[in-house]
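K.L.:
One structure, as C-alpha cells, below. Some questions next.
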Amino acid sequence: MINLERSEKVIIGILIAALVLGCGVILYRKYAPIGDLRIESSTVNKHTPRDITKKVRMININEASVETLMGLKGIGKVLAGRIVEYRTKNGSFITVDDLKKVPGIGASLFEKIKDSIILE
Amino acid sequence: MKRPILYILIPFILGIVIAHSSNFQPFLALVVCIIALTLAAIYAGKNFFSHAALYLAVFFFGIFYSQNFGTLPGDHISSFLRSSPRHIFLKGVVADDPQASLTPYHKTKVRFLLNADAIKESDDWRHARGLVDVNLYASLREPLRYGRHIVLEGMIARPVGLKNPGLFDYANYLAIKDVYAVLRVNEGGMVEATDEAAPNPVKSTAYRIRSWMRTALDTYFKEPYRGFIKATMIGERADLRYSLSSDFIKTGTIHAIAISGLNVGLIAGMFLALLAAVRVPQKVRLVLVAIAMVLYIFIAGASPPIVRAVIIYIVVVAGYCIDRQSDMLNSLALAAFGMLLANPKALYDPSFQLSFISIASMILFVPKINSMTGIDAIERDSFTGKASYYIASGISVSVAAWAGTWPVVAHYFNIVSPVSLLANLVVVPALFVLTAGSFLFLAAGAVSVAAAAVAAHTVTLISAALFTANHWFAAAPLAYFRVASPSVIITALYYAAIALMLVPAKIEFKRFTFRRVHAIIAILIIANAIVWHRVASENNSTMRITFLDVGQGDSALIELPGGRNILVDAGSGGDEEQFDSGRAVVAPYLWNRGIVRLDAIIVSHFHEDHLGGIIYMLENFKVGAVLDSGAYCPKSDIYRRYRAVIKDRGIRHIAIREGDRIDFAHGRIIVMNPEKRKDIVDGNENSVVLKVVYNNFSALLCGDASGSALERMTDLYGKQLHADVIKVPHHGGNIGDEIIVKNFFDNVGARYAIISVAMMNKYKAPSPKTMRIISSSNPIIYTTKDNGAVTAYVTLKTYGVKTYIQEN
C-alpha cells in the first residue's frame, strides 16, 4: 500500500487537502458565532372601534392615497409619495413606528404626526 | 467455493430490498426464479453462466419470499383495527416473558406480547391471528406467565408512531417485529386465564430460570446497579435508568448493555472450562454448552445479537464435530440467512444491522490491521509478549468494529463517538469481570445468603467504578459529536474506501489491470465533488417553518434565510425516564438538518405540553436567547427547572410582548400577544402569539391563545391578522365563544390551517365545534396526527406547504 509512484502521491495529497479544506469551510459555517439576535420594541397604536369621532380626523397610512397623506401636518408631496412607495415595496405598516423607516420621516416629524395616524 | 453461503446471502438481501421498496409481483418473481434455477441446473458446472443464473434465482426468490411474508392473512388482527381505538375482548396465548414496571403515576404496568387467536366486539367470537403488544394496568390475581391462554378486555388500536422526516417511527419499529396492534387493558378490565396452552418446554424452562434470576437480582442489588445488571444478564431494560444509558450511548459502548456476543462468548467459555474440569469429553462438552446457550437465548430476551452469537457458536461447533474447518464469515452468513428466512423485515432492524456489520468488520479487518501495524510480528513467547499481543489485538478489534459501524450509528442515533475507541478498552474487560461476578453471585446464592451478599457487593463496587469511568469518558472534550444522518452516497463511498483495504493492490484481468490506487483517487474525486458542491450551494433565500409531530403538544422550527434558526415550543417532556419530545423529536430533527445552535427559543406559555421538551434543548444546544412572555408562573416544577437551566448556562432571557419584533432581510417576526401590562399570569390567554412575515407571505403561530385573547387581537389588529398559514390555537380544542372565534378566523383568512395534536388524546381534540368554525372559510386543514410533520417553504416569490404523510 505504501508503494506509490511520486505522481500518485502528489495527486492523492492534493485531493485529501482539498477535501479537508472543504470540510473545514462547512464546519466553520456550522459552528462560527454570528452576532446576537436583536429584538426591537415599539408601541402598538391603540384605538377602539367605538371611537368614531376620532377616526374621522385620523388618516389611515395603510390605505390613504398620496393626496390624503398630504393632509398630515409636515408631509408634502414628496414624503407622501415615499410613504406610498414604501408601502408598495414592503407591504402594510404593522405598527405606527414603521413609518419612521420611510426615508425622510425622522423622529421629530414622527412625533408630530403620530397621534393623527391609524393603521386600519 | 470458499464461502458459499455468503454468495447466496447477498442476492437474497438484494431481493428483500427490492421487495421492500417496490411492488414487484411475487408470483412473477417466483416464476423467474424457477426459470433461472432450471437454467442453472442445465448448464451446471464451474462456469460463469451457471453461477450467475443461480444468483439470479436466489435474488428473485428473495423478492418472492419477502413479498409473501409481508402479505398478512385475511383474518389477521390488523384487519379489525380502525383509525381510533375500539373496545374489544381478545383471546390468545402469552407469547413472551411478561415484564412488570412502575409508571410515573406509581401504577403497575405489565407488558407482554400476545399471540391472538380470537376477537369479540359485541356479538360472537371471530378468528383473528397475529401478535398484539399488550399494556396491562389491571390488577392480577396471579402473575401472568408465558404460555398461558388468557382472555383480555381492553382498547385495541394501531400502534402510534410520531411521523417526522428522518426520525424514528415506533409504529414502523413494531411492524418490523411483526406487531401491528396494541392493546391497553385498563384498571378494572377483565383478565382471565383459561386452560394452559401447550407451551414450548424450552421457552418455559428458560423463563422460569429468568424469573429466578430476576428475583435474586432484585433482592440483592440496589438502583442503579440493579437495572444495569438485569439488562446485561437477562436482557430486561425496564429498570435501566436513562441517565446511565445516555452515558453509554455517548461513549459508543451501549452495545455492552444490549446482550451481545461478548456475554455469550464468556458464558460459553465459563461452562466449557467447568465441564473440562470434571473431565467431560470435548465433543460432549461442546454439545452440552450449545444446549445451554439455546436456553440462554430465552433467558436473555432473544434479541438479534444473542441469537446471532449462539447460531455462530452452534455452526462452528457443528463444523468442528464434522471435522471441517468452518470459515467464520460463512458461519456469520449462515446466521444472517437463517434470521432473514425467519423474518425478512429484520433486515431493517437497526439492532440486526449493527450486530452483523460489527462482527463482519471484526472478521474482515482485524487480520489486516494486525498485519499492517506489525502486531502480528509481536513474539508471543514471553508473558509480556503475550500480554502486549492481546492488548494490541484488543485495540485493533475495537478499531475494526468502530470503522465498520460508525456510519450506521450516525444514521440512527445522530452521533459519532471517537472516544469509543478508548472507552471500549475499559468497558469490555470490565463487562467480562462483571458477568463472571454475576454468575458467581447466582451460584453463591444457592449456597448461602452471606456469600451471595458479598458477591453482590463486589459486583456493585466494580459497576460503580465502571459508571464513573464511563462518565469521565463522556465528559471529555471532543468525545462525541452530534451529526446529521450521512447520505447514501457518502456512506457508499466510505465503505468502498475501507473495502479497498482488503483488496490486493493490483488485480490482473484478461485485458486490463486494476490498480487499487486508481480506485482510491476516484473515490477522493467524487468526495471532493460532493463537499464543494455543498460549499457552493450554501446561499439560501428560502424560509422554512416546520411544525413537528410531537404528539400532544406544539413545536415549530423557523429557519430564516441567512441561517438563523428559531424554535417555538418543544412539546412535552422534562422527565428523563419518560418520553421527552425535545430528546426524541426536536433535537434529532435539528441534528439531521445540520443545526447545532439556536439563535432563539421562544416559549409561548409555560404549560407542560409546550415547555416540557425545552429543557433538553437548553441543555444540549447552544442557545442565543430565550424569549417568553415573562408571565408569573406559580408552583410549576418544570418552570422552576426551566429558569434554573437558563440561569446556570447564562443564557439571555428576554420577556417579549406585543409590538416587539425581530427583523431579518425582507421580513420580520412580530409579537402580537400578550399585551404590555404589568404582572400578567401565565395561561392560555397570555400565550405569545407570533406573526412571521417574509415579503408577501405571513404565518400566524397562536400558541394556545383563546377566548379573550382572540377577542382583543381581533379588535386591535383586525385585518392585520391576515396570514397565509395559521397554526390553530390550543391543538384545535375548545377556544371560546363561537362568534369571537369566527371573527378571529375570518380576519386571519388563512389558506392553510395546521393543527398540532396527537392521535389519541384525553381532551378529544380537535373539537368538532372548532373544526366547524375553521372549515367555514374552507382552508386546507392539516393535522400532525394524520399528516405528520408539516413544512411551509417560502421564497421571495411564492410559498408552498408540504406534509410528511400524504393523506391516505
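The values are calculated or read from the model by the stated rules, or taken from the named source; none is laboratory data. Just so it is clear, the model here is predicted, and its values are computed rather than measured. Every residue, glycine among them, receives a Cβ derived from its backbone with ideal geometry; neighbour counts consider all protein chains shown. Ligands, DNA and RNA are stripped out before the accessible areas are found, and what is left, the full protein with its side chains, is counted by its heavy atoms. Shrake-Rupley method; radii C 1.70, N 1.55, O 1.52, S 1.80 Å.
K.L.:
What's the number of the condition B:VAL693 fails, among (1) modelled with pLDDT of 95 or more; (2) within 14 Å of chain A (Cβ to nearest Cβ)?
P.N.:
Result: B:VAL693 fails condition (1) only.
K.L.:
Within the stretch A:64-120, which residues are touching a Lys or Arg at 6+ places or on another chain (Cβ under 7 Å), in a helix (DSSP H, G or I) and under 19 Å from B:LEU721 (Cα atoms)?
P.N.:
A:VAL96
K.L.:
Let me spell it out: the conditions are (1) out of contact with any Ser or Thr (no Cβ under 6 Å at 6 or more places or on another chain); (2) over 30 Å from B:ILE156 (Cα atoms), and B:TYR43 meets all of them except one. Which number is the exception?
P.N.:
(1)
K.L.:
Of (1) modelled with pLDDT of 80 or more; (2) loosely packed, with under 14 Cβ neighbours inside 10 Å; (3) under 22 Å from B:SER139 (Cα atoms), B:THR194 satisfies all except one. Which?
P.N.:
Against the list (1) modelled with pLDDT of 80 or more; (2) loosely packed, with under 14 Cβ neighbours inside 10 Å; (3) under 22 Å from B:SER139 (Cα atoms), B:THR194 comes up short only on (1).
K.L.:
Out of curiosity, is B:VAL725 open to solvent by less than 10 Å² (accessible area, probe 1.4 Å), modelled with pLDDT of 90 or more and not hydroxyl-bearing (Ser, Thr, Tyr)?
P.N.:
In short, yes.
K.L.:
Among (1) open to solvent by 20 Å² or more (accessible area, probe 1.4 Å); (2) within 13 Å of chain A (Cβ to nearest Cβ); (3) without any contact (Cβ under 8 Å) to a residue 24 or more places away in the chain, which single condition is B:LYS635 missing?
P.N.:
Only one criterion is unmet by B:LYS635, namely (2).
K.L.:
Across the stretch B:750-765, what is the number of residues that are closer than 20 Å to B:ASN164 by Cα and not in a strand (DSSP E or B)? Outline the logic, then answer.
P.N.:
Here is the first cut: in the stretch B:750-765, the residues closer than 20 Å to B:ASN164 by Cα are B:752-761.
Those left that are additionally not in a strand (DSSP E or B): B:756-761.
So the answer is 6.
K.L.:
Out of (1) without any contact (Cβ under 8 Å) to a residue 60 or more places away in the chain; (2) crowded, with 18+ Cβ neighbours inside 10 Å, the odd one out for B:ASN424 is which?
P.N.:
Unmet condition: (1).
K.L.:
Could you grab me the full set of residues in the stretch B:517-537 that are open to solvent by less than 50 Å² (accessible area, probe 1.4 Å) and either outside any helix (DSSP H, G or I) or facing chain A (nearest Cβ under 7 Å) (or both)?
P.N.:
B:VAL517, B:ILE521, B:LEU524, B:ALA527, B:ASN528, B:VAL531, B:VAL535
K.L.:
Same structure again: Would you tally the residues in the stretch B:787-808 being without any contact (Cβ under 8 Å) to a residue 60 or more places away in the chain, open to solvent by less than 60 Å² (accessible area, probe 1.4 Å) and more than 15 Å from B:PRO165 (Cβ to Cβ)?
P.N.:
Total meeting the criteria: 1.
K.L.:
How many residues does the stretch B:652-678 hold that are away from every other protein chain (no Cβ under 11 Å) and surrounded by fewer than 23 Cβ atoms within 10 Å (Cβ to Cβ)?
P.N.:
Count: 4.
K.L.:
Taking B:ILE13 and the conditions (1) open to solvent by 40 Å² or more (accessible area, probe 1.4 Å); (2) over 30 Å from B:MET328 (Cβ atoms); (3) modelled with pLDDT of 90 or more, which numbered condition does it fall short on, given that it satisfies the others?
P.N.:
The single condition B:ILE13 does not satisfy is (2).
K.L.:
Output yes when any residue across the stretch B:622-629 is over 26 Å from A:TYR31 (Cα atoms) and either touching a helix residue (DSSP H, G or I) at 6+ places or on another chain (Cβ under 6 Å) or away from chain A (no Cβ under 12 Å) (or both), and no when none is.
P.N.:
To start, the set of residues in the stretch B:622-629 that are over 26 Å from A:TYR31 (Cα atoms) comprises B:629.
Subset that is either touching a helix residue (DSSP H, G or I) at 6+ places or on another chain (Cβ under 6 Å) or away from chain A (no Cβ under 12 Å) (or both): B:629.
So far as the stretch B:622-629 goes, yes, one or more of its residues are over 26 Å from A:TYR31 (Cα atoms) and either touching a helix residue (DSSP H, G or I) at 6+ places or on another chain (Cβ under 6 Å) or away from chain A (no Cβ under 12 Å) (or both).
K.L.:
Could you grab me the full set of residues in the stretch B:39-77 that are surrounded by fewer than 19 Cβ atoms within 10 Å (Cβ to Cβ) and touching a residue at least 60 places away in the same chain (Cβ under 8 Å)?
P.N.:
Residues satisfying the conditions are B:PHE69, B:GLY70, B:LEU72, B:HIS76.
K.L.:
Would the stretch B:348-371 turn up any residue that is loosely packed, with under 14 Cβ neighbours inside 10 Å, over 30 Å from B:LEU72 (Cα atoms) and either at pLDDT 85 or above or in contact with a His (Cβ under 7 Å, 6 or more places away or on another chain) (or both)?
P.N.:
Residues of the stretch B:348-371 that are loosely packed, with under 14 Cβ neighbours inside 10 Å, as a first pass: B:371.
From what's left, over 30 Å from B:LEU72 (Cα atoms): B:371.
With either at pLDDT 85 or above or in contact with a His (Cβ under 7 Å, 6 or more places away or on another chain) (or both) added as a condition, the list becomes B:371.
Looking for residues that are loosely packed, with under 14 Cβ neighbours inside 10 Å, over 30 Å from B:LEU72 (Cα atoms) and either at pLDDT 85 or above or in contact with a His (Cβ under 7 Å, 6 or more places away or on another chain) (or both), one finds at least one in the stretch B:348-371, hence yes.
K.L.:
Filter the stretch A:67-89 for residues that are at pLDDT 85 or above and surrounded by fewer than 17 Cβ atoms within 10 Å (Cβ to Cβ) and give the result.
P.N.:
Scanning the stretch A:67-89 gives A:VAL78, A:GLY81, A:VAL84, A:GLU85, A:THR88, A:LYS89.
K.L.:
Within the stretch B:94-110, which residues are in a strand (DSSP E or B) and either free of Cβ contacts under 8 Å to residues at least 60 places away in the same chain or open to solvent by less than 40 Å² (accessible area, probe 1.4 Å) (or both)?
P.N.:
Restricting attention to the stretch B:94-110, the residues satisfying the condition of being in a strand (DSSP E or B) are B:94, B:99-102, B:108-110.
B:VAL94, B:SER101, B:LEU102, B:THR108, B:LYS109, B:VAL110, listed by residue number.
K.L.:
Tell me, please, whether a residue that is among the charged types (D, E, K, R) and buried (at least 22 other Cβ atoms within 10 Å of the Cβ) can be found in the stretch B:264-285.
P.N.:
No, the conditions are met nowhere in the stretch B:264-285.
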